[in-house]
1. With respect to Asp75, determine if the residue is out of contact with any strand residue (DSSP E or B) (no Cβ under 9 Å at 6 or more places or on another chain) and either at pLDDT 90 or above or exposed (fewer than 10 other Cβ atoms within 10 Å of the Cβ) (or both).
2. Surrounded by 12 or more Cβ atoms within 10 Å (Cβ to Cβ), in a helix (DSSP H, G or I) and hydrophobic (A, V, I, L, M, F, W, C): does that describe Ala17?
3. Of all the residues that make up the range 20-39, how many are of a type outside the set (D, E, K, R) and not in a helix (DSSP H, G or I)?
4. The conditions are (1) assigned to a loop (DSSP other than H, G, I, E, B); (2) touching a residue at least 12 places away in the same chain (Cβ under 8 Å), and Ala42 fails exactly one of them. Which is it?
5. For the range 1-14, how many residues meet the condition of being surrounded by fewer than 15 Cβ atoms within 10 Å (Cβ to Cβ), assigned to a helix (DSSP H, G or I) and not charged (D, E, K, R)?
6. Between residues in the range 8-20 that are without any contact (Cβ under 8 Å) to a residue 40 or more places away in the chain and residues that are assigned to a helix (DSSP H, G or I) and not small (Gly, Ala, Ser), which pairs lie under 6 Å by C-beta distance while being six or more apart or on different chains?
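The values are calculated or read from the model by the stated rules, or taken from the named source; none is laboratory data. Quick caveat, the model's predicted, so the values are computed rather than measured. As a convention, Cβ positions derive from the backbone with ideal geometry for all residues, glycine included, and neighbour counts pool all protein chains shown.
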Amino acid sequence: MTGRADHARLALRIVEAIAQGNPEADALIADSFDDPMTAALAYAYLAGFMLEVLAAEDPSRSIEGVSAKIQRLLDRRQ
């Protein structure tokens, strides 16, 4: 049985492939997960884990503070 952390690792490999411009990234996306719900949960778990890591890097920040900063950055990209 594959756990959340394993799914998140797979999602991270896909994100890295996309960021590196790997031409096989589209195939990885399509072939990596059995169903859309599993993919969505994997990316959600990965995003949550990344928020925890970023918050832990700066003890004065909370997960909510990091999340708010990311939201502001995303809003600028619209």
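1. yes
2. yes
3. Qualifying residue count, the range 20-39: 5.
4. Answer for Ala42: the failing condition is (1).
5. 1
6. That search, which allows pairs on different chains as well, returns Ala11/Tyr43; Ala11/Leu46; Leu12/Leu46; Ile14/Leu28; Ile14/Ile29; Ala17/Leu28.
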